[in-house]
Amino acid sequence: MAEIAEQQVIDEVLAWFGDSWDPDHTLLQWRDRLVESGWAVPSWSTRWFGKDLPAWADRLAHSTIRKAGGIAVPLGGGFGLAAPTMYDHASDDLKHKYLRRTLTGELSWCQLFSEPGAGSDLAGLKTTAVRDGDQWIVNGQKVWNTSADHADMGILVARTDWDAVKHAGLSYFLIDMQQDGVEVRPIEQMNYRNSFNEVFMTDARVPHENMVGGQGEGWKVARGTLAHERSFSSMRSAPINPEASGRVITEARVEAAEYLRTYEWYPQRMGRVDLVTPQAVRRSRTEDQVLRQEMMKLISFQNASEWTSGRAQAARALGRPPGSEGSIGKLALSEVARQANHVHSRIAGADGMLTETEDPVDAVIAEVIVSTPAQSIAGGTDEIQHNIIGETMLGLPKEPAADRGMPFKEVGR
């Protein structure tokens with residue numbers, strides 16, 4: 001493939017957009033046109049809706065379309081997780097069946113990986129899939145499942161071989177979330193949000209052809225999804241031009257509002273460092289020398305964390321595979337959240353315990369204090385990130401594991 005400059009991509013996208021944009025289309029009609037053009041995933045092959053361009057072309061194409069006043073790709077895990085996993089690992093039949101409808105947003109998806117006893121140690125999951133002719137019968141429980149309450153499909157990892165070691169006994173499936181045998185229950189968090197769900201599968205059925213990769217290859221495919229998740233987690237909805245109008249714009253605003261509802265509390269989970277100095281001024285605490293030290297520690301560490309994140313984003317934009325900076329950045333975010341919790345608690349005092357208050361800022365601070373513990377858990381616990389850094393970066397011996405090398409059915413539970 002001949003090299004292509006960023007400006008050439010921008011010019012080609014704008015030329016296509018000028019000829020194709022119709023604000024009176026439905027959102028689905030517009031996305032169908034976008035996928036057909038190849039500008040939804042220009043880094044993919046021309047056989048599968050792409051243009052064989054470098055990895056950086058995807059985000060450049062999307063941002064160019066948005067800056068021109070249009071709507072780009074669908075929001076959520078369908079485009080960010082399910083689609084690239086299918087592109088990398090699924091059979092041609094599965095790609096023909098699901099890929100286009102996922103890229104257009106016609107199909108919505110959720111991720112069914114973590115379990116009550118298998119979060120950080122995902123390979124220890126116990127949800128079972130048993131072969132029954134041309135189908136697999138699935139039984140088990142998944143947890144922390146965003147969008148499971150309204151998803152059409154789910155990406156599922158289940159155990160298909162209890163005689164194999166834990167990583168080798170897993171398989172990866174695409175499961176219909178609307179079938180009998182799949183029950184979704186919302187989880188009420190201690191900040192009174194219900195962004196996540198738990199999913200119970202009782203004799204749910206998956207066609208054999210909906211297996212992604214071969215039997216026993218679920219861990220390899222899941223690792224691919226998790227690599228995409230690290231990139232996807234940095235993607236959020238870009239603002240829609242407030243002056244734009246038309247049916248496609250209206251439908252896109254509804255889509256964005258529904259998607260962002262899940263993440264409304266995420267700034268609080270990260271600690272709301274931006275409120276620390278204003279709160280200290282507001283409560284006349286700026287002369288407290290100990291508090292000032294704690295505030296500067298927090299702000300300095302947040303700046304360093306943002307630089308690390310910037311390096312990771314630059315590497316991804318160049319098409320480099322995710323590196324250890326992801327784990328370092330995750331640990332940094334956890335430390336920022338803990339320190340922010342500490343500083344906000346010192347500033348707010350007893351007011352930080354209020355769950356109902358007429359002051360909207362105090363309400364936000366109260367939510368920060370009960371939300372930041374999630375930052376050390378979500379997306380891989382701090383302990384797991386320490387192991388990854390120690391083993392992959394520092395060359396330390398792997399953590400001892402009693403279940404290493406033995407059939408999973410013999411592992412104590």
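The values are calculated or read from the model by the stated rules, or taken from the named source; none is laboratory data. Owing to the predicted nature of the structure, the values given are computational and were not obtained by experimental measurement. FYI the Cβ positions are ideal-geometry reconstructions off the backbone, even for glycines, and counts take in every protein chain you see.
Answer yes if at least one residue in the stretch 96-113 is among the small types (Gly, Ala, Ser) and over 17 Å from the mean Cα position of the chain (by Cα), and no otherwise. No, the stretch 96-113 contains no residue that is among the small types (Gly, Ala, Ser) and over 17 Å from the mean Cα position of the chain (by Cα). Considering every residue within the stretch 240-247, establish whether at least one is at pLDDT 85 or above, in a helix (DSSP H, G or I) and over 25 Å from residue 87 (Cβ atoms). Yes, the stretch 240-247 has at least one match. Against the test of being in a helix (DSSP H, G or I) and surrounded by fewer than 16 Cβ atoms within 10 Å (Cβ to Cβ), the options 363, 402 yield a single qualifying residue, 363.
Answer yes if at least one residue in the stretch 368-387 is in the same structural domain as residue 279 (by TED's automatic domain parsing), under 12 Å from residue 272 (Cα atoms), of a type in the set (Ser, Thr, Tyr) and part of a helix (DSSP H, G or I), and no otherwise. Yes, the conditions are met somewhere in the stretch 368-387. Of the residues 280, 340, 312, 348, the single one that is part of a helix (DSSP H, G or I), modelled with pLDDT under 90 and not β-branched (Val, Ile, Thr) is 312.
Taken over the stretch 149-166, the criterion of being under 16 Å from residue 79 (Cα atoms), in a loop (DSSP other than H, G, I, E, B) and at pLDDT 95 or above is satisfied by 151, 152. Is it the case that the stretch 345-353 has a residue that's farther than 30 Å from residue 287 by Cα and surrounded by fewer than 18 Cβ atoms within 10 Å (Cβ to Cβ)? Within the stretch 345-353 (the criterion being farther than 30 Å from residue 287 by Cα and surrounded by fewer than 18 Cβ atoms within 10 Å (Cβ to Cβ)), the answer is no, since none of the residues qualifies.
Residues that are among the hydrophobic types (A, V, I, L, M, F, W, C) and surrounded by fewer than 20 Cβ atoms within 10 Å (Cβ to Cβ): does the stretch 316-325 have at least one? Checked the stretch 316-325: at least one residue is among the hydrophobic types (A, V, I, L, M, F, W, C) and surrounded by fewer than 20 Cβ atoms within 10 Å (Cβ to Cβ). Tell me, yes or no, whether the stretch 179-186 has at least one residue that is part of a strand (DSSP E or B), touching a residue at least 40 places away in the same chain (Cβ under 8 Å) and among the basic types (Lys, Arg). For the stretch 179-186, residues part of a strand (DSSP E or B), touching a residue at least 40 places away in the same chain (Cβ under 8 Å) and among the basic types (Lys, Arg): absent.
Here residue 235 meets the list (1) at pLDDT 90 or above; (2) on the phi < 0 side of the Ramachandran plot; (3) under 24 Å from the mean Cα position of the chain (by Cα) almost entirely, failing just condition (1). Scanning the stretch 132-175 for residues that are closer than 15 Å to residue 217 by Cβ and of a type in the set (Lys, Arg) gives 159, 166. Restricting attention to the stretch 110-131, does a residue exist that is buried (at least 22 other Cβ atoms within 10 Å of the Cβ), more than 20 Å from residue 216 (Cα to Cα) and modelled with pLDDT of 95 or more? Yes: the stretch 110-131 contains one or more residues that are buried (at least 22 other Cβ atoms within 10 Å of the Cβ), more than 20 Å from residue 216 (Cα to Cα) and modelled with pLDDT of 95 or more. Applying the set (1) at pLDDT 95 or above; (2) surrounded by fewer than 17 Cβ atoms within 10 Å (Cβ to Cβ); (3) hydrophobic (A, V, I, L, M, F, W, C); (4) outside the structural domain of residue 345 (by TED's automatic domain parsing) to residue 296 leaves exactly one unmet item: (4).
Are any residues in the stretch 356-372 of a type outside the set (A, V, I, L, M) and in contact (Cβ under 8 Å) with a residue 12 or more places away in the chain, and if so, which ones? Result: 362, 367, 371, 372.
Within the stretch 7-47, the set of residues being in a loop (DSSP other than H, G, I, E, B) and surrounded by 17 or more Cβ atoms within 10 Å (Cβ to Cβ) comprises 21, 25, 38, 39, 40, 41, 42, 43, 44. Pairing each residue of the stretch 246-257 that is among the β-branched types (Val, Ile, Thr) with any residue that is part of a helix (DSSP H, G or I) and buried (at least 17 other Cβ atoms within 10 Å of the Cβ), provided the two are 6+ apart or on different chains, yields C-beta distances under 8 Å for 248/27; 248/30.
Could you grab me the full set of residues in the stretch 128-148 that are closer than 27 Å to residue 266 by Cβ and not in a strand (DSSP E or B)? If the condition is that a residue be closer than 27 Å to residue 266 by Cβ and not in a strand (DSSP E or B), then 144, 145, 146, 147, 148 are the ones that fit. Determine whether residue 299 is assigned to a helix (DSSP H, G or I) and within 31 Å of the chain's Cα centre (by Cα). When the stated conditions are applied, residue 299 passes them. Annotation for the stretch 80-88: no member residue is assigned to a helix (DSSP H, G or I), surrounded by fewer than 23 Cβ atoms within 10 Å (Cβ to Cβ) and more than 18 Å from the chain's Cα centre (by Cα).
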